[in-house]
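So the structure is just underneath, and the comments pick up after that.
The values are calculated or read from the model by the stated rules, or taken from the named source; none is laboratory data. Note that this is a predicted model, so its numbers are computed, not measured. Counting neighbours? That spans all protein chains shown, and the Cβs are built from the backbone with ideal geometry, glycine included. Only protein heavy atoms, including side chains, enter the accessible area calculation; ligands, DNA and RNA are left aside. Shrake-Rupley method; radii C 1.70, N 1.55, O 1.52, S 1.80 Å.
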Amino acid sequence: QVQFVESGGGLVQPGGSLRLSCAVSESIFSFYAMAWYRRVPGKQRELVATMTSGGSSNYADSVKGRFTISRDKAKNTVFLRMNSLKPADTAVYYCNIAPSRSDYWGQGTQVTVSA
């Protein structure tokens, strides 16, 4: 069973930055695309960023220009660099493939943006 383990979340002030990491238990190039999602309690999970195996990336309009998805092939790890964070970015962040698979969800990592 493939495992996705997210880390790097925390409490940050508005305007601050964080880098999230997602360690995957098998080669990330086994999948067509990797992705970061986030969920706020009471709302549906939102797709934040994707990166294909070919290196093409896409972002939700709400994070475009502020977030950057990247990867480390040797470490089977996907990253999400988040700059200029806003309170609206507060959520639990998850990585998965795109489209997501229900059996690939990990525990996620909490990001809280607050003064």
Tally Lys and Arg at +1 and Asp and Glu at -1 over the other residues with C-beta under 15 Å from the C-beta of Gln107: what net charge comes out?
-> +1
Could you pull the accessible area for Met51 with a 1.4 Å probe, rounded to 10 Å²?
-> 30
Of all trypsin sites (Lys or Arg not before Pro) in segment 35-115, the ones in DSSP coil with at most 14 other Cβ atoms within 10 Å are Lys43, Lys64, Lys73, Lys75, Arg101
Given the protein chains as shown and a 1.4 Å probe, how many square angstrom of Thr68 are accessible, to the nearest 10?
-> 70
Here P(r) for segment 26-73, Cα-Cα distances in 5 Å bins, as whole percents, is 5, 20, 27, 21, 16, 8, 3
Starting from the Cα coordinates of the chain, work out the convex hull volume and express it per residue in Å³.
-> 91
Give me the Kirkwood hydrodynamic radius of segment 1-54 in Å, from all C-alpha pairs, to one decimal place?
-> 13.2
